[in-house]
Amino acid sequence: MLASSGQGNAAGRADSLEQLQSVFEHLADGVFLAQVTAGPELVVEAINRQMAAWLRVSQAAAQGRRLSELVPAADAVRIAEICQRCIETGATQRYEETSQAPQFDTTLQTTLIPISDEAGKVRRVVGVARDISEQKRAARQLVESQDMFASAFRHGPYALLIVRVADGQYVDVNAAFEQVFECEREQVIGGSSAELQLWPDRRERQRLVDAIRAGGTVRDFSAHLRTFRGNSRDVLISGDQIVLGGEAHIIATVRDVTKNLATERSRVELEAQLRQAQKLEALGTLAGGIAHDFNNILGAMVAFIDLIRLDVNEPTTVLDYVAELKSASHRARDLVQQILTFSRVQKPTRSVIQVEHAVRDAIKLLRSSLPSSLAILSSFDCEAPSVLGDASQLHQIVMNLGTNAAHAMRERGGELRVLVDLVHVDLELARRRPDLRPGRYARLQVHDSGHGMDEPTLKRIFEPFFTTKKQGEGTGLGLAVVHGIVRDHDGAIRVDSQVGRGTLVEIHLPEHLGERHVIPSRPETLPRGHGERILVVDDEEVLCSSLTQLLNRLGYEVLACTNPEEALALFRADPTAFALVLTDLTMPGMTGLELSQRILTQAPSARVVLMSGFSGSWTPDTVRALGLLDMLVKPLSAATLAAGVAQAIATPR
């Protein structure tokens with residue numbers, strides 16, 4: 001049994017040694033066993049396959065050779081130093097070596113493990129070497145990538161910043177950021193958005209943060225920021241949320257568009273000036289016709305006034321004359337209103353409108369100004385869709401095209417046809433006309449029977465200041481202005497013309513899919529007062545007299561003044577005596593706005609309504625912003641006056 005047991009143990013040990021030998025041979029790491037000799041020198045007793053491959057020597061050939069003979073000379077010196085420390089200290093040593101020899105180009109991390117005898121003297125050393133070349137390359141690439149990112153971050157063309165989301169603290173900014181915000185990097189790093197005061201409106205910053213948190217990213221967020229020197233910057237911010245060190249951060253690009261916006265504003269202002277100059281040119285062209293129409297209206301009014309005097313004892317006949325007078329005054333009022341609307345300097349305001357309405361108003365003004373040898377034919381399709389536009393600018397389009405057409409037909413006379421209808425743009429038409437998209441459009445066509453244009457002229461018609469007219473007859477702004485207005489309305493314009501066959505201008509304006517603006521109808525009966533006292537201020541005595549009589553008939557008690565200073569003194573004497581102050585805008589010595597402000601300064605709850613025949617840039621909305629209740633446009637009919645006064649008195653203050 002004992003023999004059997006001993007044989008079994010021996011067999012087991014043999015199996016274990018065989019397994020160890022197999023592991024030794026197949027390790028991915030290189031392993032060697034070396035004996036320490038005098039010097040000290042390491043003499044190789046055994047190496048595994050991986051070490052033999054690295055040393056490029058067979059395992060048998062390595063046995064009995066000094067380790068310094070198997071490695072490059074430069075590596076041998078380093079290994080001798082490490083071996084000396086290992087032998088002297090009896091402690092494990094680790095080191096890295098990158099061989100530069102052609103036959104051994106790799107980086108090894110080697111561990112020397114000393115093996116001591118019973119007396120504690122180191123007799124052997126086990127070396128375990130691991131190839132860490134890939135890790136080294138990865139580390140170098142990481143460092144290079146970090147350096148590249150840092151360089152790109154630091155020297156990028158746009159301002160870059162990294163901000164911690166939790167507290168808004170700036171982690172890093174680049175050189176472009178320093179330039180845009182007029183600061184040094186050290187002034188920014190570590191500071192929070194609140195401390196640095198770059199955001200004049202903190203709510204705007206919070207909207208940006210919320211947008212990034214919600215979607216993880218934001219693109220071209222428009223913001224208004226402030227530099228360290230207090231200058232304003234209009235910027236576009238694009239940012240993404242990232243995680244750095246386990247915390248949420250925002251990395252953002254800031255593009256300074258201050259100059260771009262200033263350039264755009266200058267362009268818009270220049271276009272507005274060109275449009276205004278063209279309006280004045282068109283009015284100059286129409287001046288003779290307008291004067292002729294006014295003379296006709298005034299002539300009719302004078303004639304009916306004389307007839308009233310002659311037939312004063314015939315009430316029925318006089319009433320007919322009065323009706324004609326009122327009709328003539330309405331025509332004069334409408335003509336003045338059209339001229340003012342056309343010539344007024346004002347910012348474009350978009351609303352949902354019917355193209356037909358603007359075109360009809362423009363045609364009325366054209367009819368009064370064009371010679372009788374030119375016929376105007378118009379056609380309007382009730383199915384034409386609403387558009388989002390500026391009525392005054394659409395009015396200007398028709399006036400420009402109409403005056404151009406009149407110039408083309410002035411020698412032989414002719415016919416001007418104006419059409420507004422509905423057009424469906426399908427895919428086929430959209431492919432042929434890149435400026436159109438499929439959908440419903442309101443189409444405006446203006447066709448004249450004039451002399452037409454040749455192909456070279458047709459190619460240049462939209463160029464500013466290009467004109468075929470003689471010097472003094474035009475500036476060449478008309479069609480350039482029309483083209484700009486159509487473009488601003490997301491529309492398209494096409495001109496077709498042939499010499500001797502007239503010109504067709506076709507404009508497409510896209511349908512607005514929102515609700516139409518419904519104009520409330522006026523009540524048939526005039527609203528009346530109940531003895532409320534009204535202070536009327538107008539420097540024209542005849543207007544004071546007529547307004548007083550109208551308001552008295554409507555049930556109000558009226559005190560009228562032609563001097564604004566006198567009116568102010570009356571109001572100050574007893575501010576509670578007047579339910580309403582009705583004042584003209586343009587008066588000598590003190591304007592209606594100045595008078596209104598003085599009244600409201602003394603009595604903020606006072607009700608003040610402005611009247612004006614030419615308000616310039618003032619509108620009901622702008623005067624309401626100053627504390628006034630409304631603005632009424634002269635001349636005032638009884639219905640307009642009654643409705644405006646009743647509404648103002650009923651408005652709570």
Kindly indicate whether residue 606 is open to solvent by less than 70 Å² (accessible area, probe 1.4 Å) and free of Cβ contacts under 8 Å to residues at least 12 places away in the same chain.
no
Please go through (1) within 46 Å of the chain's Cα centre (by Cα); (2) open to solvent by less than 20 Å² (accessible area, probe 1.4 Å) for residue 571 and return the number of the only condition it doesn't satisfy.
(1)
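Do the conditions hold for residue 612, that is, is it closer than 26 Å to residue 527 by Cβ and out of contact with any Lys or Arg (no Cβ under 6 Å at 6 or more places or on another chain)?
Details: closer than 26 Å to residue 527 by Cβ: yes; out of contact with any Lys or Arg (no Cβ under 6 Å at 6 or more places or on another chain): yes.
The answer is yes for residue 612.
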In segment 628-653, which residues are farther than 18 Å from residue 330 by Cα, in a loop (DSSP other than H, G, I, E, B), open to solvent by 20 Å² or more (accessible area, probe 1.4 Å) and in contact (Cβ under 8 Å) with a residue 12 or more places away in the chain?
629, 651, 653
Here are the criteria: (1) surrounded by fewer than 13 Cβ atoms within 10 Å (Cβ to Cβ); (2) at pLDDT 90 or above; (3) part of a loop (DSSP other than H, G, I, E, B). Tell me which single one residue 589 does not satisfy.
(2)
Flagged pairs (Cβ under 6 angstrom, 6 or more apart or on separate chains; first in segment 241-254, within 16 Å of residue 153 (Cα to Cα) and part of a strand (DSSP E or B); second open to solvent by 70 Å² or more (accessible area, probe 1.4 Å) and among the polar types (S, T, N, Q)) are 250/241
Which of the residues spanning segment 228-258 are farther than 16 Å from residue 165 by Cα, in contact with a helix residue (DSSP H, G or I) (Cβ under 8 Å, 6 or more places away or on another chain), of a type outside the set (A, V, I, L, M, F, W, C) and surrounded by 15 or more Cβ atoms within 10 Å (Cβ to Cβ)?
233, 234, 256
Given (1) open to solvent by less than 10 Å² (accessible area, probe 1.4 Å); (2) closer than 23 Å to residue 393 by Cβ; (3) modelled with pLDDT of 90 or more, index of the condition residue 504 fails:
(1)
State which residue pairs qualify: first residue more than 19 Å from residue 601 (Cβ to Cβ) and inside segment 556-569, second residue among the basic types (Lys, Arg) and in a loop (DSSP other than H, G, I, E, B) in any location, beta carbons under 9 Å apart, and separation of 6 or more residues or different chains.
556/528
Among (1) out of contact with any Asp or Glu (no Cβ under 7 Å at 6 or more places or on another chain); (2) within 15 Å of residue 255 (Cα to Cα); (3) open to solvent by less than 40 Å² (accessible area, probe 1.4 Å); (4) acidic (Asp, Glu) - the single one residue 204 does not satisfy:
(2)
Selection count, segment 435-469, where residues are within 32 Å of the chain's Cα centre (by Cα), modelled with pLDDT of 90 or more and among the hydrophobic types (A, V, I, L, M, F, W, C):
2
From (1) over 29 Å from residue 357 (Cα atoms); (2) at pLDDT below 85; (3) among the basic types (Lys, Arg), pick out the condition that doesn't hold for residue 432.
(2)
Inspect segment 558-565 for any residue being open to solvent by less than 30 Å² (accessible area, probe 1.4 Å) and of a type in the set (Asp, Glu) and give the result as yes or no.
no
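Is it the case that residue 194 is open to solvent by 30 Å² or more (accessible area, probe 1.4 Å), in contact with a Phe, Trp or Tyr (Cβ under 9 Å, 6 or more places away or on another chain) and modelled with pLDDT under 85?
Working: open to solvent by 30 Å² or more (accessible area, probe 1.4 Å): yes; in contact with a Phe, Trp or Tyr (Cβ under 9 Å, 6 or more places away or on another chain): no; modelled with pLDDT under 85: yes.
Answer is no for this residue.
The values are calculated or read from the model by the stated rules, or taken from the named source; none is laboratory data. Everything numeric here is computed off the predicted structure, so don't read it as measured data. Glycine gets a Cβ as well: all are built from the backbone with ideal geometry, and neighbour counts include every protein chain shown. Protein only, heavy atoms only, side chains kept; ligands, DNA and RNA dropped before computing areas. Shrake-Rupley method; radii C 1.70, N 1.55, O 1.52, S 1.80 Å.
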